[in-house]
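Supplied in structure tokens, the structure appears directly below.
The values are calculated or read from the model by the stated rules, or taken from the named source; none is laboratory data. Since this is a predicted model, take the numbers as computed values, not measurements. Note: ideal-geometry Cβ built from the backbone for every residue, glycine included; neighbour counts use all protein chains shown.
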Amino acid sequence: MAQLSPLLKQATPVVVDHGEGVYLYDVDGKRHLDFTAGIGVTSTGHCHPRVVEAAREQIGKLVHGQYTTVMHKPLLELTEKLGTVLPSRLDSLFYANSGSEAVEAALRLARQATKRPNVIVFQGGFHGRTVAAASMTTSGTRFSAGISPLMAGVHVAPFPYAYHYGWDQDTATKFALRELDYLFQTVSAPSETAALFVEPVLGEGGYVPANTEFFAGLRERADRHGILLVLDEVQTGFGRTGKFWGHDHYDVSPDIVLIAKGLASGFPLSGIAASQELMAKALPGSQGGTYGGNAVSCAAAVATLDVIRDEGLVENAAERGRQLLEGAQVVADKTPAIGDVRGLGLLVGTEFTTADGEPDTATAQAVQHAAARSGLLLLTCGAYSNVVRMVPPLVVTSDQVDEALRIWGDVV
Ligand code: PLP
């Protein structure tokens, strides 16, 4: 009899039957408060009626219309809609299925457009598991273990992770930018550097926001050296941080934005947005894939964008995010094992540390499992998996945040 790979064995297995809003219901009828949102994907909640209806209607009409052969309406409609929420400079879109594929598409475009080989990524960044994306991922050795040789031409600069360095945000930012300049001087000359790939908030790396000065520093250096600034908004886009884009918090203008996850409420869809001028520099045949821009996914994405707008989900993410962060802070204040609580919108991370300030993976995982037994689904992240993160659907209500905080307080 076939069995699941051991990699899919979970410590606290939940076999889900169906989902509704912020809740998942397992096959035994137990209700789980889903503060994972399928790793930040089900932005409009599980099975939002308008998303379900849009997908159902589309399935009856056209499931797959391969986009280098024919064009279909949902893809055109989605492109038009994304144009209303993207920075106006980024008026050209290309689609794929997963975040990793979007990362690779941007990497190809950046290298082709600049004719430079190198990319700089930021320590603790996560960009995916395909080999190129894993080569650009530094949020844990587990993501690239055993798959070497990795892609050449990737260099790593520090991210201003103030808590990790034990500094204030300003000092961490100054350090990160100084080290980036040093990197240009020592291992990746600007004339060899195609792009900087950075997340507005380190996601898998531990839910670490940065500040305006850091992104202004990146923009200034990118402009000075003709390097592209690529913002990986795979986890932070579509209202997740309490503004439409994560980079809206820093008032920075990107050259390429990567989108996925919350875009289509759970249907596989990703993309890259750039200016027409930049996108035109991609070489024919180098971009694309059989399933990119799937018609049902695009229809679900159109409905998702409508729901985000009509239900004020960006504003809700900001308000509920504040409530969640404040509540998590209250719990942290009473808990010596918690070193830091941080976040932006509905990305809230609690970092567990020992009395000596060392990463405390065991406690983080014990808390995660205890929460799951109490009906609250959570994930860990960070290089040491010692950060417990809360990333609920953007439709979460004040009462549901209180419910999660009650369980959180008890299990912690
Ligand atoms: N980029 C970021 C910032 C992510 O958080 C992720 C996934 O978590 C990816 C890229 C990779 O996306 P996928 O798992 O869809 O390939």
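So which residues in region 3-40 are loosely packed, with under 13 Cβ neighbours inside 10 Å and closer than 30 Å to R309 by Cα?
D17, H18, R31, listed by residue number.
Kindly indicate which of D181, D232 is surrounded by 21 or more Cβ atoms within 10 Å (Cβ to Cβ) and of a type in the set (D, E, K, R).
D232
Considering only region 113-135, I want to know if a residue exists there that is closer than 16 Å to L278 by Cβ, within 15 Å of the ligand (Cβ to nearest atom), surrounded by 19 or more Cβ atoms within 10 Å (Cβ to Cβ) and in contact (Cβ under 8 Å) with a residue 40 or more places away in the chain.
yes
Conditions first: (1) more than 16 Å from the ligand (Cβ to nearest atom); (2) more than 26 Å from A364 (Cβ to Cβ); (3) of a type in the set (G, A, S); (4) touching a residue at least 40 places away in the same chain (Cβ under 8 Å). A216 passes all but one, so which condition is the exception?
Going through the list (1) more than 16 Å from the ligand (Cβ to nearest atom); (2) more than 26 Å from A364 (Cβ to Cβ); (3) of a type in the set (G, A, S); (4) touching a residue at least 40 places away in the same chain (Cβ under 8 Å), A216 breaks only (4).
Out of the residues in region 136-153 meeting the condition of being over 18 Å from the mean Cα position of the chain (by Cα), of a type in the set (A, V, I, L, M) and closer than 18 Å to L183 by Cβ, tell me which one is farthest from the ligand (Cβ to nearest atom).
The extreme case among them is A152.
Still on this model: When you go through E204, E192, E179, E199 one by one, which is the residue that is closer than 20 Å to S253 by Cα and acidic (D, E)?
Result: E199 is the single residue among E204, E192, E179, E199 that is closer than 20 Å to S253 by Cα and acidic (D, E).
Continuing with the same structure: Just to be sure, is D255 modelled with pLDDT of 95 or more and either touching a helix residue (DSSP H, G or I) at 6+ places or on another chain (Cβ under 7 Å) or within 16 Å of the ligand (Cβ to nearest atom) (or both)?
So D255 fits the description; yes.
Can I ask one more? Quick check, is A371 under 30 Å from V27 (Cβ atoms) and free of Cβ contacts under 8 Å to residues at least 60 places away in the same chain?
Yes; evaluated as a whole, the condition is true for this residue.
I'd like the full set of residues that are near the ligand (Cβ under 7 Å from one of its atoms) and under 20 Å from A152 (Cβ atoms), limited to region 92-106.
S100, V103
For region 191-223, enumerate the residues that are among the small types (G, A, S) and crowded, with 24+ Cβ neighbours inside 10 Å.
Scanning region 191-223 gives A194, A195, G203, G205, G206, A210.
Considering every residue within region 41-63, establish whether at least one is surrounded by fewer than 17 Cβ atoms within 10 Å (Cβ to Cβ), without any contact (Cβ under 8 Å) to a residue 40 or more places away in the chain, farther than 18 Å from M279 by Cα and touching a His at 6+ places or on another chain (Cβ under 8 Å).
yes
Could I ask something else about it? Surrounded by 24 or more Cβ atoms within 10 Å (Cβ to Cβ) and within 16 Å of the ligand (Cβ to nearest atom), is that true of G293?
Yes, satisfied.
Return the residues of region 1-40 that are free of Cβ contacts under 8 Å to residues at least 40 places away in the same chain and among the basic types (K, R); say none if nothing qualifies.
Scanning region 1-40 gives a single hit, K9.
A follow-up question, please. For the subset of region 391-412 comprising residues that are hydrophobic (A, V, I, L, M, F, W, C), assigned to a helix (DSSP H, G or I) and under 25 Å from the mean Cα position of the chain (by Cα), which member is farthest from T380 (Cα to Cα)?
It comes out as V401.
What's the total number of residues in region 290-311 that are part of a loop (DSSP other than H, G, I, E, B) and on the phi < 0 side of the Ramachandran plot?
5
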